[in-house]
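Asker: Take a look at this one; I'll ask things after.
Coordinate-derived values only; no laboratory data. Predicted model only: the values in this text are computed from it and were never measured. We place every Cβ from the backbone using ideal geometry, glycine too, and count neighbours over all the protein chains shown.
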Amino acid sequence: MVTRPVPRPSRLASSSHAPNCGDAGDTGPSLPTVEPPGPVPWTEEDPDADFRVEPNETNEDILGFYREECAHSREVAAKASLDDLAAAWPVDRPPERRPTLRWIYVHMIEETARHAGHLDVVREMIDGKTGD
C-alpha cells in the first residue's frame, strides 16, 4: 500500500459536496440538490480511505473520480448564487454558521493551495530546488 503526501484530488473536489446537497427547509435560500455522480472513497468506518492508494486503483481511476466530482460541483454552483447557504448542516453546529457558496469557494481555494504547498515542500526536500 502506498500512502499519499496529500489527500487524493477527489477529496478536494468533494470536500464541499456534503454541504451542497440536500434540502435546507425554510432557513433561507440554499444550494440546489443535484444527484452526486457516485460513491465517495471514504466511509464512516474508514474516514481516511482517500489518503491511501489501494492496490487496485489506477491514476486514471483517481483522476476520473476527481473530474466527476468537479463536474458535480460545477453543476451545483451553476444553479446557485454566491450568497446561497449550504443545504445540509450538522444539527450540532449553530445554524447561523452555515456557510455560503462564496465561503465554500474560498475554503476550497485555501485547501487546494495548502495541499499544493505541502507537496512543494516535499519536492524541495527531494530535489533541493526552490521557487523564484
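Asker: Could you give the radius of gyration (one decimal) and Dmax (whole number) of the Cα atoms in the stretch 36-132, in Å?
Answerer: 17.1, 47
Asker: Something else now. For His107 and Glu68 in the same chain, what is the full-extension length gain: residue separation times 0.36 nm, less their Cα-Cα distance, in nm?
Answerer: That pair, His107 and Glu68, stretches by 12.1 nm at full extension.
Asker: For the stretch 80-124, take the convex hull of the Cα atoms, compute a quarter of its surface area, and give me that in nm², please.
Answerer: One quarter of the hull surface, i.e. the mean projection, equals 4.1 nm².
Asker: If you rank Lys129, Lys79 by fewest surrounding Cβ atoms within 10 Å, what's the result?
Answerer: Placing the least packed residue first, the sequence is Lys129, Lys79.
Asker: Report the extension gain between Thr130 and Asn59 in nm, rounded to one decimal, defined as 0.36 nm multiplied by the number of residues separating them, less their alpha carbon distance.
Answerer: Details: separation 71, 0.36 × 71 = 25.56 nm, distance 2.69 nm.
The span from Thr130 to Asn59 would gain 22.9 nm if fully extended.
Asker: Using the basic label-point model (7 angstrom from Cα toward the beta carbon), what is the Leu119 to Glu96 distance in nanometres?
Answerer: Here the modelled spin labels are 3.9 nm apart.
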